[in-house]
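Trainee: Mind having a look at this structure? Questions to follow.
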Amino acid sequence: AQSVTQLGSHVSVSEGALVLLRCNYSSSVPPYLFWYVQYPNQGLQLLLKYTTGATLVKGINGFEAEFKKSETSFHLTKPSAHMSDAAEYFCAVSSNSNSGYALNFGKGTSLLVTP
Amino acid sequence: KAGVTQTPRYLIKTRGQQVTLSCSPISGHRSVSWYQQTPGQGLQFLFEYFSETQRNKGNFPGRFSGRQFSNSRSEMNVSTLELGDSALYLCASSLDGQGRYGYTFGSGTRLTVV
């Protein structure tokens, strides 16, 4: 089964600093990988996804992620944090079981942005 | 283009009751999947429907069930509610359910069991 590990349940950065949220996955087949953001009392909003092609993926709000097959990683970065980036971030892999597809999520990383 | 609509947004039920949640996907999307989100267990997959057929099911008891209608709208039902069923229930809409085109989530239904 495919799985996702997000390193660091809480990450704190200063406004204007680099944001780096780590995600490693396990998969026996080429995966589809996703980053979602969740604000309090809301659903999940897609930041970016990797399916095929270019390994550096650009998403919304200045976020990007790089798919590194050799490291089985899909880390999320943003050059300069804004206060509005404070939220919960989830990495997910689309798994293909024998009976169908499902998203497997990491435990999430709570991003705190300090002034 | 309308997003994914989940109703109701909030729900309070008593132990032992049953509940039905609704999800209307994006127009043209044929796949609807459901997830349960709790602080302890995180986001867990419940089931996925495509063209009215359940294609995949997560590791949840039989009290959790669902269905999809011909217009792709989906409902999930939880019978004999337990306190542990309190959670945010999210549905995700997808063109094919395989992830290639991504998944769009609704705002969720917050279920509280008392």
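The values are calculated or read from the model by the stated rules, or taken from the named source; none is laboratory data. Here the structure is a predicted model, which means the values were calculated and not measured. Counting neighbours? That spans all protein chains shown, and the Cβs are built from the backbone with ideal geometry, glycine included. Ligands, DNA and RNA are stripped out before the accessible areas are found, and what is left, the full protein with its side chains, is counted by its heavy atoms. Shrake-Rupley method; radii C 1.70, N 1.55, O 1.52, S 1.80 Å.
Trainee: Could you please find all residues in region A:59-108 being hydroxyl-bearing (Ser, Thr, Tyr), surrounded by fewer than 21 Cβ atoms within 10 Å (Cβ to Cβ) and in a strand (DSSP E or B)? Break it down stepwise before answering.
Mentor: Within region A:59-108, the subset hydroxyl-bearing (Ser, Thr, Tyr) is A:70, A:72-73, A:77, A:80, A:84, A:89, A:94-95, A:97, A:99, A:101.
Those left that are additionally surrounded by fewer than 21 Cβ atoms within 10 Å (Cβ to Cβ): A:70, A:72-73, A:77, A:80, A:84, A:97, A:99.
Result: A:SER73, A:THR77, A:SER97.
Trainee: Output the residues belonging to region B:79-109 that are among the β-branched types (Val, Ile, Thr) and either modelled with pLDDT under 95 or buried (at least 20 other Cβ atoms within 10 Å of the Cβ) (or both). Explain how you work it out, then say what you get.
Mentor: Initially, region B:79-109 is screened for residues among the β-branched types (Val, Ile, Thr), giving B:80, B:104, B:109.
B:THR104, B:THR109, listed by residue number.
Trainee: Would region B:33-56 turn up any residue that is among the β-branched types (Val, Ile, Thr), within 11 Å of B:CYS91 (Cβ to Cβ), open to solvent by less than 70 Å² (accessible area, probe 1.4 Å) and at pLDDT 95 or above? Break it down into steps so the answer makes sense when it comes.
Mentor: As a first pass, look at region B:33-56 and keep what is among the β-branched types (Val, Ile, Thr): B:38, B:53.
This time we only want the ones that are within 11 Å of B:CYS91 (Cβ to Cβ), so: none.
No, because not a single residue in region B:33-56 is among the β-branched types (Val, Ile, Thr), within 11 Å of B:CYS91 (Cβ to Cβ), open to solvent by less than 70 Å² (accessible area, probe 1.4 Å) and at pLDDT 95 or above.
Trainee: Determine whether region B:7-21 contains at least one residue that is closer than 22 Å to A:SER94 by Cα, open to solvent by 20 Å² or more (accessible area, probe 1.4 Å) and within 12 Å of chain A (Cβ to nearest Cβ).
Mentor: Our first condition is that a residue be closer than 22 Å to A:SER94 by Cα; within region B:7-21, this holds for none.
Within region B:7-21, none of the residues are closer than 22 Å to A:SER94 by Cα, open to solvent by 20 Å² or more (accessible area, probe 1.4 Å) and within 12 Å of chain A (Cβ to nearest Cβ).
Trainee: Looking at region B:39-54 only, could you name the residues that are part of a strand (DSSP E or B) and charged (D, E, K, R)?
Mentor: B:GLU48
Trainee: Report whether or not B:SER51 is free of Cβ contacts under 8 Å to residues at least 40 places away in the same chain and more than 10 Å from the chain's Cα centre (by Cα).
Mentor: Working: free of Cβ contacts under 8 Å to residues at least 40 places away in the same chain: yes; more than 10 Å from the chain's Cα centre (by Cα): yes.
Spelling it out, B:SER51 is indeed free of Cβ contacts under 8 Å to residues at least 40 places away in the same chain and more than 10 Å from the chain's Cα centre (by Cα).
Trainee: Still on this structure: Output the residues belonging to region A:1-10 that are within 23 Å of A:ALA86 (Cα to Cα) and either touching a His at 6+ places or on another chain (Cβ under 8 Å) or part of a loop (DSSP other than H, G, I, E, B) (or both).
Mentor: Residues of region A:1-10 within 23 Å of A:ALA86 (Cα to Cα): A:4-10.
If the condition is that a residue be within 23 Å of A:ALA86 (Cα to Cα) and either touching a His at 6+ places or on another chain (Cβ under 8 Å) or part of a loop (DSSP other than H, G, I, E, B) (or both), then A:GLY8, A:SER9 are the ones that fit.
Trainee: So, in region A:56-96, of the ones that are among the hydrophobic types (A, V, I, L, M, F, W, C) and touching a Gly at 6+ places or on another chain (Cβ under 6 Å), which residue ends up nearest to the other protein chains (Cβ to nearest Cβ)? Break it down into steps so the answer makes sense when it comes.
Mentor: Of all residues in region A:56-96, those among the hydrophobic types (A, V, I, L, M, F, W, C) come to A:56-57, A:60, A:63, A:65, A:67, A:74, A:76, A:81, A:83, A:86-87, A:90-93.
Filter once more, so that each one left must be touching a Gly at 6+ places or on another chain (Cβ under 6 Å): A:90-91.
Values: A:PHE90: 7, A:CYS91: 11 Å.
So, considering only residues that are among the hydrophobic types (A, V, I, L, M, F, W, C) and touching a Gly at 6+ places or on another chain (Cβ under 6 Å), the one nearest to the other protein chains (Cβ to nearest Cβ) is A:PHE90.
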